[in-house]
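Remarks on the structure that follows.
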Amino acid sequence: MKREPLVKLVNIQKSFGRVYALEQINLELYPGEIVSLVGDNGAGKSTLTKIISGTEKPDAGGQIFFDGVEVKGWNAAKARSHGIETVHQSRALSEQQSIFANVFLGRELTNKFGFVQRKKEVEETEKLMRRIGYTSKVWTPNSSVNKLSGGERQGVAISRAILFESRLVMLDEPTTAMALSEAGEVIDFIKDLKNQGKSVIFISHNPWDAHSVADRFVILDRGRIVFDGPKGDMTPEDFIAKLHNFAKNS
Amino acid sequence: MSTEAREQTVKSSFYLQERLRPVVGAAIFFAIMLVTFIGFAPDVFLTGGIYTAIFLSLPLFTIVGLSLVFVTVAGEIDLSFPSTIALSGFMFSWTLEQTSLNFYAGLLAALVTGVLCGLINGFLVTKLGLSSLITTLGMNFALIGLTNVINQGEVRMFTELNETFLRNLFVGKIGSIPSQMFWMAGIALLLGAIFHRHRFGIHCHVAGDNPEAGRAMGVDIERTKTLCFVLVGICSSITAVISILLNSTYFSTMGEGYLLPVLAAVFVGGTPVTGGRGTIGGLVIGAATVVFIQTGVVAAGLDGYWTSLGFGLVIVLSLLGHRWFSGRLTR
């Protein structure tokens, strides 16, 4: 039986003035699959994830399908309501606000008048932090994010991505500026997402990390997909050689 | 910093009270000012008369100031509210005249005017990407110009409204306290709840702190900021209506004299210009401080020229106070 892609991009383009960040992108993402999206700086990785997450609009002419149905007026709120969660490279945290406010940002638990059910949000945040192993006596869900270390902030951004029933989680350079042990936890977390049947797009500059988690590689070079194939028997060395090859010929 | 050291810091630094620091700072500053005034003229400041005078005008500055907190926290500024007060006041007065003093029609006209002014500001700032500082400064000139053109310098009297139920409801007295103080308290409680506990209030904070984070999480930052400008318009029109009822008179310069005191109230109250943080309680105390200086300087026997000097000192000293107070508690 032919598998239906969760997300399908057809002829997606994005230009900033005269510069094309993405050209003729055709990509299918399947349920329960981890795709490592790799490429040099400026290859268009972050722009592609921003288009899928709805924070960037593609140029006219392209199509986005979700569960086989074309979606119109795609934006961040719609993407999140379809179960697409993103851990942005910038972490997208409001640093002066509390941890729980950040976790529920854009999806606050409210009563019918729009007032936030603060107690419930705090309890859910506590549970969530315990679930992903971020236990600390230093902060509580009420603590401001600007009191946290870099790794802890990343923990908040990641936990936000799994709080709601997500179907596709995109992580843009999630291990940047992390200690080795923390990066290892993130890699385990990504594998755990796959076990839960979720799709994952993983972006990393670290080819070893990208190789270790991937079912499939998508290599971007100056806005174009130059390779899209399964990991299969490819060793890390083969993968790195392939990356070098594309870099040399670009 | 080690985990143990951070835990120690948390335990010793009122960590959970962080949000209250500006309010406490503003309250301490107000108390110092009050004691200073009492020291200078105890016979004036230990009697009730001065406070009745303060209660008459405090709501006017507070109501519009409350909305300024929202827009400032959202990372913008609105300098057009004095003209919005004048224009919506004109619409209130004009409608009263045209409808044989139909108060509700006048109130509706004032509110619609305020909302429209806010929507225009919001459109210019969020859709056209103009600087709110310059845009609302320009709007302040444009709106007062428009008001003067259509009002033609006329002073409109509404003495017929004196002793009516509606006037008493808005600006009468309950005991010895002016009614508008209760309206002010109600509006402050409602806006305080929205500011701290409502989805809109949270989005205002995020809009000023990290709008990109908000957008990435699906928050409509442009809509949030536009609603902040609309709120300023609504509060300006309420201020205009209360002021007209209080004085039984409309004059097109009625918005003058609000700009600097209200902005001072926002900053003295502990809301920084940088966005993302702010306090409703602090604004009420900041407005009380500002109105107290306006009234107190004259009541203390000094001439009105001292008022500006008082404002200047209060703003600078309160900013230093906020910095010292917050810094001390975090070290």
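Cα centroid separation, the stretch A:69-100 to the stretch B:157-192: 45 Å. Straightening the chain between B:THR36 and B:ARG323 buys 101.2 nm, computed as 0.36 nm per residue apart minus the Cα-Cα spacing.
Quick check on the stretch B:23-147: take the gyration tensor over C-alpha atoms, sort the square-rooted eigenvalues as a ≥ b ≥ c, and tell me if it's rounded (a/c under 1.5), prolate or oblate. The shape class here is oblate.
With Cα atoms defining each centre, the stretch B:218-242 and the stretch A:16-58 are spaced 37 Å apart in the structure.
Structural descriptor for the stretch B:173-331: relative contact order 18 percent, calculated from alpha carbon pairs under 8 angstrom and at least 6 residues apart. Per residue, the convex hull spanned by the Cα atoms of the stretch A:144-250 measures out at 126 cubic angstrom. Ordered by the count of other Cβ atoms within 10 Å of each Cβ, fewest first, B:VAL314, B:VAL268, B:VAL298, A:VAL87 give B:VAL298, B:VAL314, A:VAL87, B:VAL268. Helix screen, chain B: DSSP H segments with Cα axial length of 20 Å or more and mean Kyte-Doolittle hydropathy at least -1.0 are B:21-40, B:49-73, B:81-98, B:103-122, B:132-151, B:179-197, B:221-247, B:280-299, B:305-330.
Each peptide among A:227-236, B:107-116, B:230-239 gets the average number of other Cβ atoms lying within 10 Å of its residues, and from highest to lowest they stand as B:230-239, B:107-116, A:227-236. Can you bin chain B into rounded, prolate or oblate? Criterion: square roots of the alpha carbon gyration tensor eigenvalues sorted a ≥ b ≥ c, rounded for a/c under 1.5, prolate for a/b above b/c, oblate for the rest. Since a/c reaches 1.5 but b/c is at least a/b, the shape of chain B is classed as oblate. Within the stretch A:1-85, list the trypsin sites (Lys or Arg not before Pro) lying in a DSSP loop whose Cβ has at most 12 other Cβ atoms in a 10 Å radius. Taking the stretch A:1-85 and a limit of 12 other Cβ atoms within 10 Å, the loop trypsin sites (Lys or Arg not before Pro) found are A:LYS2, A:ARG3, A:ARG18, A:LYS72. When the alpha-carbon atoms of the stretch B:84-235 are used, the pair Rg, Dmax equals 18.4, 55 angstrom. So if R0 is 45 Å, what FRET efficiency would A:PHE113 and A:ALA247 give, r being the distance between their Cβ atoms, rounded to the nearest 0.05? Taking R0 as 45 Å, the efficiency between A:PHE113 and A:ALA247 is 0.20.
Note on B:TRP306, B:TRP183: ascending count of other Cβ atoms within 10 Å places them as B:TRP306, B:TRP183, the fewest first.
Between A:SER94, A:SER199, A:SER166, the Gaussian network model of chain A with springs among Cα atoms under 10 angstrom shows the greatest mean-square fluctuation at A:SER94.
Backbone amide hydrogens, once placed in the peptide plane, bring B:HIS198 within less than 5 Å of A:VAL116, excluding anything fewer than 5 places away on its chain. Comparing B:ASP209, B:ASP220, B:ASP78 in a Gaussian network model of chain B, where Cα atoms under 10 Å apart are tied by springs, the biggest mean-square fluctuation is seen for B:ASP220.
So who's got an amide H within less than 5 Å of the one on A:VAL87, skipping anything under 5 residues away but keeping other chains? H placed 1.01 Å off N, in plane. Here A:MET170, A:LEU171, A:ASP172 satisfy the definition.
Cα-Cα over 31 Å: which of A:LYS57/A:LYS120; A:LYS72/A:LYS120; A:LYS8/A:LYS242; A:LYS8/A:LYS231; A:LYS72/A:LYS112; A:LYS50/A:LYS194?
A:LYS57/A:LYS120; A:LYS72/A:LYS120
Taking every residue in A:53-62 and counting other chain Cβ atoms within 10 Å of its Cβ, the average works out to 1. Per-residue Karplus couplings for the stretch B:155-161, computed as 6.51 cos²θ - 1.76 cosθ + 1.60 with θ equal to phi - 60°, are listed in order as 9, 10, 9, 10, 5, 4, 6 Hz, Gly and Pro entered as x.
Return the tail of the calculated pair distribution for the stretch B:201-251, meaning the percent of Cα-Cα pairs more than 14 Å apart. Summing the P(r) of the stretch B:201-251 above 14 Å gives 59 percent of all pairs.
Annotation for the stretch A:67-130: chymotrypsin sites (Phe, Trp or Tyr not before Pro) lying in DSSP loop with at most 10 further Cβ atoms inside 10 Å of their Cβ are A:PHE113.
Once you order the gyration tensor axes a ≥ b ≥ c over the Cα atoms, which shape class does the protein assembly as shown get: rounded for a/c under 1.5, otherwise prolate or oblate by comparing a/b with b/c? Prolate is the answer for the protein assembly as shown, as a/c is 1.5 or above and a/b outweighs b/c. Under the combined filter of DSSP loop state and at most 13 neighbouring Cβ atoms within 10 Å, the stretch A:89-154 retains these trypsin sites (Lys or Arg not before Pro): A:LYS112, A:LYS137. Here the contact order of chain B, divided by its residue count and restricted to Cα pairs under 8 Å and six or more residues apart, works out to 33 percent. Fewest neighbouring Cβ atoms within 10 Å first, the residues B:TYR258, A:TYR20 line up as A:TYR20, B:TYR258.
Structural descriptor for chain A: relative contact order 27 percent, calculated from alpha carbon pairs under 8 angstrom and at least 6 residues apart.
No value in this document is a laboratory result; all are computed from the given coordinates. Everything quoted here is computed from the prediction, not taken from an experiment. We place every Cβ from the backbone using ideal geometry, glycine too, and count neighbours over all the protein chains shown.
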